[in-house]
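S.K.: Before I ask anything, here is the structure I am working with.
Throughout, read-outs are computed from the coordinates displayed, never taken from laboratory work. Predicted model, so just to flag it, every value in this text is computed and none were measured. Here the Cβ positions follow ideal geometry from the backbone for every residue, glycine too, while neighbour counts run over all protein chains shown.
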Amino acid sequence: MESRFRVLFLIVAMISLSGCAATKNLFGFGNEEAPPPAAEEPGQVIDPEVARREIKEPAIDREDFEVGAYAGIMSIEDFGSNVSYGLRIAYHITEGFFMEASVGQTDGGLTSFEVLSGGARLITDSERTLTYYNLNVGYNILPGEVFFGEGRAYNTNLYLIAGLGSTTFAGDDRFTVNLGAGYRFLLTDSVALHLDFRDHLFDIDVLGEEKTAHNLEGHLGVTVFF
Amino acid sequence: MSEPSTTIIPSTLQQIKALVATCLCAVALQSFLPVPAQAEDELRSVVVADPYLEMRTGPGRGYPIFHVVDRGESVQIVMQRTNWYLVRSERGKEGWVERAQMEKTLQPDGQQVSFAAANIEDFTNARWETGVLAGDFGGANIVSLYGSYSLNPNVAVEFWGSQILGNFSNGWMASFNVVHEAFPEWRVSPFFTLGAGAIYTKPKSTIIEGDDRTDQIGHVGAGFRVYAARRFLLRAEYKSYVVFTSRDENEEVEEWKVGFAFFF
């Protein structure tokens, strides 16, 4: 009897334990239920044979540079106003910020002293040519859109700009700070018109005492993005 | 054991030969046949995968959305400016789309497209960098422009051009540096620099009598590059110069500069 109970107990124990994977394999139960190796069912598994292609950035025409020329009027403190002209190149880093480098030139006239005194000259004629370069940072503070009639819209930007550079005038290179504002009017997505106002500040002592001169410039320009 | 290897080698060689021949044929074919324009177009056109793609009238966050391209339609990429893409829809509408939205488009064959934005990893790994710094050079103002090329994330070579504008003299300086960054992956990355160049000095004739002169210079320095955002970084540095003059004593000049730069 005991041995029969023992056999019965063992059978019950075996069946109840057949849920355990180890028992299944040990006693040959549940082979049909056991999950087959992954390779046999490719539909459920990501196929490792497919290489993941890293797609590079498409070959897109990047137009972050802007190059152009301008002409306008520049007033040199004490030396009158004259036509000025120059070249500029800008790089747009973000939709807001851009870096700009420009070079320009104008001519100084006679000071009041030189006019009233008759023949006396403070500086030579060649020293009256003013050339400058500057390296600036600009920020498009008021981007916008303007409308011409009913069917045409143009993008615009009002920007603030400031930077450092050097001015050659009256026989000396002068450390120059410039600041101003400008208006960019985009005729197309790649061509723009500019209206700029700048103040070029440098120290000058030609008229006796050293002072910081404010030299205002206003100019109109055309630029092309590339 | 050696026998199977002797049989394998010729077969491998043959495979390689076949592969090389195939490659050569492909190259020859490509050089004869005109590059299909379609491939070019495919690279520049993407399919909208998000519910919609918003087209704005200008390349900026504030410009109004005037047109929406639905999922499944394709758009042609005309050009890119900063983080904005000018795209043309199938219906011929042109508008500006933000990078974040372009990232959710797919290639015509369903592959993902990468519109990588500059991030701090590029700050560490970008090859080219250019910037503007200004500061004090032994009591004079200095304005500098530099260009840098990274040989690896730690070492870069730089070329500097500076104008010095002082009370007693003006001048120009050009120098060539090697820069070493010990921790290029840090947001604030310290560097050490060593370089040599030449300085041209022109004394102001109204104050000091003297001749224009050109001298050789050598310098050591240290500073920080600080990642600001996108392609921007700020840079501050100190350099100690030795000017090898033709006089009895060499001149020593200290320089402090700060400025900004961008990498690409």
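S.K.: For region B:161-264, build the charge dipole from Cβ charges (+1 Lys, Arg; -1 Asp, Glu) around the Cα centre, then report which of B:ASN167, B:ALA196, B:PHE224 sits farthest towards its positive end.
M.R.: B:PHE224
S.K.: What does the charge add up to near B:ALA228, with Lys and Arg as +1, Asp and Glu as -1, over the other residues with Cβ less than 14 Å from its Cβ?
M.R.: Once positives and negatives cancel, what remains is +3.
S.K.: Need the C-alpha centroid separation for region A:185-226 versus region B:186-264, integer Å.
M.R.: Comparing the Cα centres of region A:185-226 and region B:186-264, I get a distance of 28 Å.
S.K.: Another question about this same structure. Specify which residue in the list B:VAL48, B:SER74, B:ALA100 is farthest towards the positive end of the charge dipole of region B:37-106, using unit charges on the beta carbon of Lys, Arg (+1) and Asp, Glu (-1), about the Cα centre.
M.R.: So the residue furthest toward the plus end is B:ALA100.
S.K.: Calculate, in nm to one decimal, what B:GLU54 and B:SER114 gain on full extension: separation in residues at 0.36 nm each, minus their alpha carbon distance.
M.R.: 19.7 nm is the gain from fully extending B:GLU54 to B:SER114.
S.K.: Modelled label-to-label distance, A:GLU210 and B:SER246, 7 Å Cα→beta-carbon offset: nm?
M.R.: About 2.9 nm, to one decimal.
S.K.: Related question: With a cut-off of 8 Å between alpha carbons and a minimum separation of six or more residues, what is the relative contact order of region A:80-226 in percent?
M.R.: Once normalised by length, the contact order is 16 percent.
S.K.: What is the sum of charges around A:ASP199, taking Lys and Arg as +1, Asp and Glu as -1, for the other residues whose C-beta is under 12 Å from the C-beta of A:ASP199?
M.R.: Here the count lands on -2.
S.K.: Starting with the fewest neighbours, write out A:HIS214, B:HIS67 ranked by other beta-carbon atoms found within 10 Å of each beta-carbon.
M.R.: A:HIS214, B:HIS67
S.K.: If you line up the Cα atoms of region B:122-263 on their principal axes, what length do they span on each, largest first, in Å?
M.R.: Computed over region B:122-263, the largest-to-smallest principal extents equal 50, 25, 18 Å.
S.K.: In the neighborhood of B:GLY171, defined by Cβ-to-Cβ distances under 14 Å, what is the net charge if each Lys or Arg adds +1 and each Asp or Glu adds -1?
M.R.: Computed value for this residue: -3.
S.K.: Here's another thing I want to ask about it. Spin-label point model (7 Å from Cα, Cβ direction): what's the A:THR124 to B:VAL188 distance in nm?
M.R.: Inter-label distance under the simple model: 5.2 nm.
S.K.: Continuing with this model, one more query. In what order do B:TYR52, B:TYR146 fall by count of nearby beta-carbon atoms within 10 Å, going from fewest to most?
M.R.: B:TYR52, B:TYR146
S.K.: At a 10 Å Cβ-Cβ cut-off, how would you order B:TRP96, B:TRP256, fewest neighbours first?
M.R.: The order, fewest Cβ neighbours first, is B:TRP256, B:TRP96.
S.K.: Which distance in nm do the two modelled labels at A:VAL224 and B:TYR200 give, with both placed 7 Å along the Cα-to-Cβ direction?
M.R.: In this crude spin-label approximation the distance works out to 3.1 nm.
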